[in-house]
1. Taking into account only those residues within the stretch 96-121 that are surrounded by fewer than 18 Cβ atoms within 10 Å (Cβ to Cβ) and not in a strand (DSSP E or B), which is nearest to ligand 2 (Cβ to nearest atom)?
2. Which members of the stretch 310-334 meet the condition of being over 23 Å from Trp364 (Cα atoms) and among the basic types (Lys, Arg)?
3. Filter the stretch 128-168 down to the residues that are within 19 Å of Gly79 (Cβ to Cβ), surrounded by 15 or more Cβ atoms within 10 Å (Cβ to Cβ) and more than 16 Å from ligand 4 (Cβ to nearest atom) and list them by number.
4. Looking only at the stretch 78-90, count every residue that is under 26 Å from the mean Cα position of the chain (by Cα) and either away from ligand 4 (no atom under 16 Å from the Cβ) or among the β-branched types (Val, Ile, Thr) (or both) and tell me the total.
5. Go over the candidates Lys251, Lys260, Lys266 one by one and state the one that is in contact with a strand residue (DSSP E or B) (Cβ under 6 Å, 6 or more places away or on another chain), at pLDDT 95 or above and among the basic types (Lys, Arg).
6. Looking at the stretch 100-121, which of its residues are over 20 Å from Arg41 (Cα atoms) and either of a type in the set (Val, Ile, Thr) or within 7 Å of ligand 1 (Cβ to nearest atom) (or both)?
7. Check whether at least one residue in the stretch 218-230 is farther than 30 Å from Asp36 by Cβ and within 16 Å of ligand 1 (Cβ to nearest atom), and report yes or no.
8. Select from the stretch 212-247 the residues that are part of a strand (DSSP E or B) and among the hydroxyl-bearing types (Ser, Thr, Tyr) and write down the one among them that is surrounded by the fewest Cβ atoms within 10 Å (Cβ to Cβ).
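The values are calculated or read from the model by the stated rules, or taken from the named source; none is laboratory data. Just so it is clear, the structure is predicted and the values come from calculations on it, not from any experiment. Note: ideal-geometry Cβ built from the backbone for every residue, glycine included; neighbour counts use all protein chains shown.
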Amino acid sequence: MSVKMIIGAVVGIIAIGLISGAQAVEEFQISYSCTDCHPDRYEEWGRSIHALAVSDPVFEAAYMRALKSDPKYREYCLGCHSPITKVTKDFNLTKSISVEGVTCSFCHSVTGVEGNDYALNTGNLMVGPYTDSMTDAHTSIYSQMLTTSEFCSGCHELSINGVPVFETYSEWKEGPYSAEGKQCQDCHMEAKRGVAAKNGTLREKVYQHFWYGSHSGQFLAKAFRIESNIQQTGSRVKVTLNITNNNVGHKIPSGIPSRKVILDFKATDENGKSLFSAQKVYTKTLVDQYGDEVYDFWKAASVASDNRIKPRENRIEVFEFEIQDGINKLETHATLTYQNEAEIITRSVESMSAEIASNGTTTWFNQTAAPGNTAPKESPALGGIGSVVALIAIYLVRKKNG
Ligand code: HEC
Ligand code: HEC
Ligand code: HEC
Ligand code: HEC
Ligand code: HEC
């Protein structure tokens, strides 16, 4: 079964749950009520991580741990993972709309944002990007703010006890994309030509609702460019790697600090024998008051280190080593792997890991033996992520069934 089909099945189950459990929630309307007129948006959103924000097993496990350490986190965590609860006060998630995570009618009620607080205009009116839309189905209100990164900032920027846990918005704001006017929406909701509603007029730009991020292999594959340069002086070899954050509007990795990018570098001779190897980890590390690393960010006392790669930054890494006489061929191989350590249940740590960029070179020292010369090759390998997404999806199907 393909990943897409599994996810489709999950959405199907959620949707059936909604129809049978449909109940009147005055302030907000369930997403299923939009599907007749906005089928594309509904389908995209249903496959997005926003729709899974309270039912994703990684969140659920963390949420349980947070509640165990202090019940006050109930309201706090749900404030972003099921934001309508701020208004409905359904903190036990008894209503079907509460388990829709970041749902349609939440985002389309937002009229303002300040820090982590959103101002909402609830009821049968939809805040949207158009000044000229017309429908009998609901009142439409125009908001320019909805089309900018400021809209996303209320959730995608988080400090707790004075510790900056993630600052995706600030990283964007301080980087080149903000100056160029490229918003979160431009990358994460890529616009295309189409209709905003069934039988609506054709518009030059409608924004897709997939919000691909680190859960999508293809999206991650756009993140880095990696190049290598090899210099040899006598028996000494110097390899310079140039790693560029190519296409990411914020630091990479951003978001929850359990995310890491790992650089593996290897050099081998003509027989595949290792001549040198090294590893480097790019991440933000949170520590508790004893200086021990913590993934449960609400227990963090400070940021111990942060060496993540900024938007458009070129990070230079240099590796030097000696080679012995008689070696004809030097092969180098550098790979970048995206890794997310996540505790799903207290005892097992699920590690999602996928190679996202690589670069290799071959250098012949004995020129007569050489078929060519230095030949760089790039080969992104993306199998890993797909299978992790599939695993999570299977887990969800099981949970919803049982
Ligand atoms: C995380 C917040 C968020 C959620 C959840 C969300 N939207 Fe949107 N939606 C947006 C933003 C932001 C835009 C405007 C993008 C722009 O114009 O820059 C938008 C635009 C739209 C538009 C205008 C046409 C278009 O696609 O640009 C429609 C219609 C729409 N959304 C419907 C929905 C429906 C239906 C759902 C649920 C099935 C939904 N939205 C869920 C944020 C959200
Ligand atoms: C009976 C059909 C119908 C239903 C149901 C419906 N809409 Fe709409 N909606 C429309 C039409 C038609 C437009 C106008 C499209 C255009 O102008 O291109 C629209 C426009 C919008 C816009 C853009 C408003 C603007 O001025 O920028 C948003 C956002 C939106 N709808 C969200 C929703 C959400 C969320 C739901 C479900 C809670 C929903 N709609 C339910 C028909 C509907
Ligand atoms: C109400 C809070 C809220 C708003 C508003 C919101 N998000 Fe999110 N977003 C979340 C949460 C919570 C998650 C994580 C869900 C999970 O994994 O459990 C998330 C996940 C994501 C992801 C997936 C990250 C990954 O690791 O794959 C992307 C991309 C994203 N959001 C982009 C956006 C953009 C762009 C906007 C603005 C248009 C936005 N979000 C608005 C709360 C929000
Ligand atoms: C220039 C394009 C671009 C812009 C602008 C952009 N992003 Fe991203 N974002 C990406 C790419 C590509 C990835 C996947 C690589 C990665 O995981 O860092 C990503 C990943 C993410 C993730 C997953 C966490 C991570 O880094 O692994 C989140 C959350 C996110 N973006 C949110 C946002 C928000 C919120 C904004 C606006 C403040 C934004 N992005 C602006 C391209 C962009
Ligand atoms: C200010 C809004 C906000 C609050 C409050 C918040 N989160 Fe989140 N959370 C997010 C966003 C946005 C993301 C997505 C960032 C990313 O992709 O790394 C996220 C992602 C996560 C993830 C990673 C999910 C995954 O699939 O990898 C976990 C786990 C999580 N949050 C747990 C919690 C817990 C537990 C609490 C309460 C102690 C909490 N969050 C409070 C906004 C919030």
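1. Here the residue is Asn121.
2. Within the stretch 310-334, Lys310, Arg312, Arg315 qualify.
3. Within the stretch 128-168, just Val163 meets the criteria.
4. Narrowing the stretch 78-90 to residues under 26 Å from the mean Cα position of the chain (by Cα): 78-86.
In the following step, the residues that additionally are either away from ligand 4 (no atom under 16 Å from the Cβ) or among the β-branched types (Val, Ile, Thr) (or both) were identified as 78-79, 82, 84-86.
The total comes to 6.
5. Lys266
6. Residues satisfying the conditions are Thr111, Val113.
7. No; the residues of the stretch 218-230 include none that is farther than 30 Å from Asp36 by Cβ and within 16 Å of ligand 1 (Cβ to nearest atom).
8. Pass one, the stretch 212-247, residues part of a strand (DSSP E or B): 224-233, 236-245.
Applying the additional criterion that residues be among the hydroxyl-bearing types (Ser, Thr, Tyr) yields 228, 233, 240, 244.
On the way: Ser228: 20, Thr233: 8, Thr240: 14, Thr244: 16.
My answer is Thr233.
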